[in-house]
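Note sheet for the following structure.
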Amino acid sequence: MATSEKVETTTSAGLPAPGTYEVDPIHTSVEFVSRYAMLSRVRGRFGVFSGSLHIDEAPARSWANVEIDASSIDTNMEMRDNHLRSGDFLDLENHPTMRYRSNGLEPTGDRTFRLHGDLTIRGTTRPVDLDVEYEGAGAGMRGESRIGFTATGEIDREAFGITWNQALETGGVLVGKTVKIELHVQAVRKDEE
């Protein structure tokens, strides 16, 4: 089994080498976690997405753009997934795509950053910041330059018009308001020849 060769190339700001990178959907996960029935947490993922990242020597000029096919939601339960696709939640009939567009990046540590941006869900756009950690750079099996990041954040789903809920007989509600976002991203440099 071939493995990628680790090549640590970073800027003085702790970012990878400047350039434009395309998100590799095979080696990337877009996940979320939400409280369920006041007892546990449900983890889900989106399986279809695309995105690009631009790394600039000046971190503030770096950016990320991501589009997610909302129909690709998967919480490991078909009935719940169909409900999440409905007008009660993501409203796929009217809003099939979710988008994130960054508008600023600030260093918070040696290899950590805060990514400022706008998230659009159900046609509603709200500012969402993500805490990002640069995991490293390496060469892929074909010699291509690859970089890795993790990013986490959270949103209030009601801020996006997703307000459906159900009261529980024991008190509380079925679905929590806060949704935690977890991204594990690998991207391939596109501007090298």
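How many nm is it between the label spots at residue 106 and residue 61, if each spot is 7 Å from the Cα in line with the beta carbon?
Placing both labels 7 Å along Cα→Cβ, they lie 2.0 nm apart.
Whose amide H sits under 5 Å from the amide H of residue 48, counting only residues 5 or more places off or on another chain, with H placed in the peptide plane?
Placed amide hydrogens put 69, 72 under 5 Å from residue 48.
If I take R0 = 35 Å and measure r between the Cβ atoms of residue 163 and residue 116 in this structure, what FRET efficiency does the formula 1/(1 + (r/R0)^6) give, to the nearest 0.05?
0.85
Compute the length gained on full extension between residue 139 and residue 76: take 0.36 nm times their separation in residues and subtract their Cα-Cα distance, giving the result in nm to one decimal.
Numbers: separation 63, 0.36 × 63 = 22.68 nm, distance 3.35 nm.
Fully extending the segment from residue 139 to residue 76 adds 19.3 nm.
At 7 Å along Cα-to-Cβ for each site, give me the label-to-label distance between residue 17 and residue 99 in nm.
It is 3.1 nm.
How much length would be gained if the chain were fully extended between residue 126 and residue 69, taking 0.36 nm per residue of separation minus their Cα-Cα distance, in nm to one decimal?
Residue separation times 0.36 nm, minus the Cα-Cα distance, leaves 18.7 nm.
Any read-out appearing in this document is the output of simple, stated calculations on the displayed coordinates, not a laboratory observation. All figures in this text were calculated on a predicted structure; none of them were measured in a lab. As a convention, Cβ positions derive from the backbone with ideal geometry for all residues, glycine included, and neighbour counts pool all protein chains shown.
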